[in-house]
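Undergrad: Structure provided below as structure tokens; questions to follow.
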Amino acid sequence: MSNIKIIVENKKARFDFHIVETYEAGLVLVGSEVKSLRKGHAQLKDAYVSFVGDEIFLQRANISQYAASSYNNHVPERLRKLLMNRNEINKIYSATVEKGMSCIPLKLYFKDGRVKVEIAIAKGKKKGDKREAIKTREMNREVSRALRHAKGS
């Protein structure tokens, strides 16, 4: 059984995109980044996955500087290489070349002591789709609220 501890989740991604397929990737990090992640100082809000040559990178993921680190601290929004199988990289690349498809990070987590990132191939939602998601969420809340009050009386 693997030990998983979620560091940060990109909640906005599930609202803005239809998730088509998800993958797990390792991250190339420096020591101060890992220490900062252990404290939970990370943000995936505007992050995305890009390709440079035949390699895959995580861009604009903000991992705050570690306060106790000295002169060799890291740059918070640097390019971070993702560690993945060649077949998976090729599959993601061919999917993102399609019109309207992109690759975004969903969450950062520790799995058996190593930092992993869950990335997804996603299709952007239209404004109407977002309104529909809000409407269904509100209806579900009202139903659960009504059931809770019915049980209480």
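Undergrad: Order of I7, I104 from fewest to most other C-beta atoms within 10 Å?
TA: Values: I7 20, I104 23.
By the 10 Å Cβ count, ascending: I7, I104.
Undergrad: Gain in length, K45 to A95, computed as 0.36 nm per residue apart minus the alpha-carbon separation, to one decimal in nm?
TA: Residue separation times 0.36 nm, minus the Cα-Cα distance, leaves 15.8 nm.
Undergrad: Now, a different point. Can you list the residues of the range 10-37 with backbone N under 16 Å from a point 7 Å past the Cα of F110, pointing along Cα to Cβ?
TA: From the range 10-37, the list is 27, 29-37.
Undergrad: At 0.36 nm per residue, minus the direct Cα-Cα distance, what do D129 and R78 gain on full extension? Give it in nm, one decimal, please. Could you put the intermediate results ahead of the total?
TA: On the way: separation 51, 0.36 × 51 = 18.36 nm, distance 3.29 nm.
Difference between extended and current length: 15.1 nm.
Undergrad: Of the options Q59, P105, Y93, report the single residue whose Cα projects farthest towards the positive end of the charge dipole of the chain (beta-carbon charges: Lys, Arg +1; Asp, Glu -1).
TA: Positive-most Cα among the choices belongs to P105.
Undergrad: As I understand it, the dipole of the range 76-153 uses +1 on the Cβ of Lys and Arg and -1 on the Cβ of Asp and Glu, about the Cα centre. Which of I119, T136, L147 lies farthest toward its positive end?
TA: Checked the options; the winner is L147.
Undergrad: Pairs of alpha-carbon atoms within less than 8 angstrom and 6+ residues apart define the contacts here; what relative contact order does the chain have, in percent? List each step's numbers first, then the result.
TA: Numbers: 257 pairs, mean separation 49.0, N = 153.
Answer for the chain is 32 percent.
Undergrad: With a 10 Å Cβ neighbour count serving as the proxy for reagent exposure, in which order, fewest first, do V143, V20 appear? Mind dumping the intermediate values first?
TA: On the way: V143 10, V20 13.
Fewest to most other Cβ atoms nearby, the residues stand as V143, V20.
Undergrad: Going through the cross-link list K35/K116; K12/K81; K5/K111; K12/K107; K45/K125, which pairs have a Cα-Cα distance over 18 Å in this structure?
TA: Pairs exceeding 18 Å: K12/K81.
Undergrad: In what sequence do Y71, Y23, Y93 fall when counting other Cβ within 10 Å, fewest first?
TA: Values: Y71 4, Y23 20, Y93 14.
Exposure proxy ranking, most exposed first: Y71, Y93, Y23.
Taken together, the values in this text are just the output of simple stated rules run on the coordinates, not laboratory data. Values in this document were obtained by computation on a predicted structure and should not be read as measured data. Positions of Cβ are backbone-derived with ideal geometry, glycine not excepted, and every protein chain shown enters the neighbour counts.
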